[in-house]
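This report concerns only the one structure given below.
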Amino acid sequence: MKKFSEIVEILKENKLLVEASDINLEIEDINYDSRNVVKNTLFFCKGIHFDVKYLEDAINRGANSYISKEKYDCDVPYIIVKDIRKAMYIVARFFFDYPDKKLNLIGVTATKGKTTTVTLIKESLDLYAKDHGEKPAGIISTTYTFDGVNEYESHLSTPEAIELNRNLYNAYNSGLKYIVIEVSSQSLKYDRVAGINFDIAGIVTIGRDHIAPNEHPTVEDYVDSKLKLADIANKILYCRDTDHLDRIENKLKDMNSVSFAAEHPADYNITNLRFEDGLTKFTFDENDFELNMIGKFNSVNAACALLVLKHFGIDYKYAKEVFRNIVIPGRSNLLISEDGKKTIFVDYAHNELSFTKNFEMLKEKFPDYKIVTLFSARGSKAFNRRKESAVVVSNNSDYIYLIPIEPNYEELRDIYDSLIKNFTWDIPYEEFETRVDGLEKAFRTFGEKTILFIAGKGDERYQSVKGEYIEIESDLQAATRLINDYNKNNPKE
């Protein structure tokens, strides 16, 4: 709980205050979502699509004041600021007593590999914690959030500043020692993580993504946003097997940084890399590892996780056990029927880099297989992905099934048309209204020596349509069901 006057004063100190009501109130919570407002909340009016009806709804639910860039005709105390996003992270950190200073914070950013890397880190930390009688690590990722109090499926890679600081506050008060966070380019650009100080952070890969007027207008803006992570971390790990390496190393030249790589010389190199017995095997930092995931790119994610453990003085034996048995739902999941006639590969791939890496891996491991790709594009965002993904997918596939990802406010017809026009050859394709319909049709149609590559959602169990989250059967759930049913009806002789 904080006082209204204290919040006014801290905004004044940070030169953000324009004017405020001369009154003293007890502020018991802060929020920007009117649906989650409780009694005595300071409500943040944010967003380019903000409507005064949200403020009115918040007041009806118990908000006793608001903070905004403009004054509204509402009979409650107010704070007017120059920049609502900066005000949000400054107030959030103050309100929750600067929780980032009380935890071991680990951040990871990448164009491909954030979720895999943070999961490998968390699972290894959890095994270490169990062995030492400590609480498990917290995690904030694209798919999953655990902060010691709450555990839920995520909708954003990195939440807004209020939610993020609430998560950190919960983690500290629950006795958690470590928390690992996916840090998106959007969160860095729009100050969701501003003010936070990471003990260590990893830059795994930087490619090209989220290029759109309402996200990153240029590749330069995207890369610069990613590299802001270096400004809020005490130590940076970075992979040298990446695009934009010169810009990355120029940014890091006077910083505490450590490099790793599988292909280029680095402070730590992955060597003896091979795929055997269904495992990716490699040597790193004079230790041998076996990773239950396929693809060279996953060995790079693992290397980043290992250097995080090394930073905290944690024995690699915990990572070895985790790596050997890890299954990350929706990330590089390969399902093969018992008779070997049906093969499904499920991955979250949704941009040029992730598609390229996955196709390279599939063609290396299954050189004589046809590839049927099931994919689409998210509605109303990341428009650069459409042409880039359509080109890579059509160049590397034998057949395409177009299935919806996140239509949101855009018509499915328009999304599909924007992809089809960029196919590089007259590739056969079909269109579907639901993801599961496409996968079931592909599963019935294609058999031996064919991989069904279903891309875009992994194990996400919701879909955004017209601003609403609708529950769906995830790609991994559907693929597992189809393989299991097939095995029952086609027992191996």
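The values are calculated or read from the model by the stated rules, or taken from the named source; none is laboratory data. Just so we're clear, the structure is a prediction, and the values are computed from it rather than from any experiment. We place every Cβ from the backbone using ideal geometry, glycine too, and count neighbours over all the protein chains shown. Surface areas here come from the heavy atoms of the whole protein model, side chains and all, with no ligands, DNA or RNA. Shrake-Rupley method; radii C 1.70, N 1.55, O 1.52, S 1.80 Å.
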| query | What's the percent breakdown of Cα-Cα distances in region 352-405 across 10 Å bins, shortest bin first? | reply | 23, 55, 19, 2
| Does anyone have the angle between helix 475-489 and the longest principal axis of the chain? Alpha-carbon axes, 0 to 90°, nearest 10? | 30 degrees
| request: Compute the whole-percent fraction of alpha carbon pairs in the chain spaced more than 34 Å apart. | output: 39 percent
| remark: Taking N as the number of residues in region 251-301, the ratio of its alpha carbon radius of gyration to 2.2 N^0.38 Å works out to 1.28
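Kindly provide the trypsin sites (Lys or Arg not before Pro) of region 383-478 that DSSP labels as loop, not H, G, I, E or B, and whose Cβ sees at most 10 other Cβ atoms within 10 Å.
Of the trypsin sites (Lys or Arg not before Pro), the ones in loops of region 383-478 whose Cβ has at most 10 other Cβ atoms within 10 Å are Lys421, Lys466.
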| Solvent-accessible surface (1.4 angstrom probe) belonging to Asp57, in square angstrom, nearest 10 | 50 Å²
| note | Over the chain, with neighbouring protein chains present, the accessible area per residue in Å² at probe 1.4 Å is 43 Å²
| Ellipticity estimate at 222 nm from DSSP helix runs (n ≥ 4, -39,500 (n - 2.57)) divided over the chain, nearest 500 | -11000 deg cm²/dmol
| Which percent of the accessible area of region 433-483 is formed by carbon and sulfur heavy atoms (probe 1.4 angstrom)? | 50 percent
| remark: Listed by chain and number, the residues whose amide H is under 5 Å from that of Lys342, excluding neighbours fewer than 5 places away on the same chain and using placed H, are Ser337
| Over all directions, what mean area does the Cα convex hull of region 266-372 project, stated in square nanometres? | 7.9 nm²
| Accessible area of region 231-388 belonging to carbon and sulfur atoms, whole % at 1.4 Å probe | 43 percent
| request: Note the angle between two axes, namely the Cα long axis of helix 316-325 and the longest principal axis of the Cα atoms of the chain, as a number of degrees from 0 to 90, rounded to the nearest 10. | output: 60 degrees
| field | Ratio of Rg to Rh over region 201-353 (Cα coordinates, Kirkwood Rh, two decimals) | value | 1.00
| field | Solvent accessible area, Å² - Glu468, 1.4 Å probe, full protein context | value | 120 Å²
| query | With every protein chain kept in the model, how would you rank Glu249, Glu286 by accessible area, 1.4 Å probe, largest at the top? | reply | Glu286, Glu249
| Antiparallel bridge percentage (DSSP; both residues within the chain; nearest 5) | 35 percent
| note | Beyond 25 Å (Cα-Cα) in this structure, taken from Lys122/Lys317; Lys53/Lys226; Lys102/Lys235; Lys101/Lys228; Lys39/Lys177; Lys112/Lys488, we find Lys53/Lys226; Lys39/Lys177; Lys112/Lys488
| message | What's the ranking of 186-193, 294-301 by average number of surrounding C-beta atoms within 10 Å, highest first? | response | 294-301, 186-193
| Counting only DSSP beta bridges with both residues in region 158-309, what percent are antiparallel, rounded to the nearest 5? | 50 percent
| Rounded to a whole number, what % of the accessible area of region 1-86 do carbon and sulfur atoms account for, probe 1.4 Å? | 43 percent
| note | From the Cα centre of region 320-357 to that of region 405-465, the distance in Å is 18 Å
| Residue separation times 0.36 nm, minus the C-alpha to C-alpha distance between Met255 and Leu335: what's the value? | 24.5 nm
| request: Which order do the peptides 250-257, 110-117 take when ranked by the mean count of other beta-carbon atoms within 10 Å per residue, highest first? | output: 110-117, 250-257
| Sparse-neighbourhood loop sites, chymotrypsin sites (Phe, Trp or Tyr not before Pro) in region 367-436 - DSSP loop, at most 15 other Cβ within 10 angstrom | Tyr369, Tyr409, Trp425
| task | Between Met1 and Glu468, take the C-beta separation as r, use R0 = 35 Å, and let me know the FRET efficiency to the nearest 0.05. | result | 0.55
| Rg over Rh [alpha-carbon atoms, Kirkwood Rh] for region 429-493 | 1.02
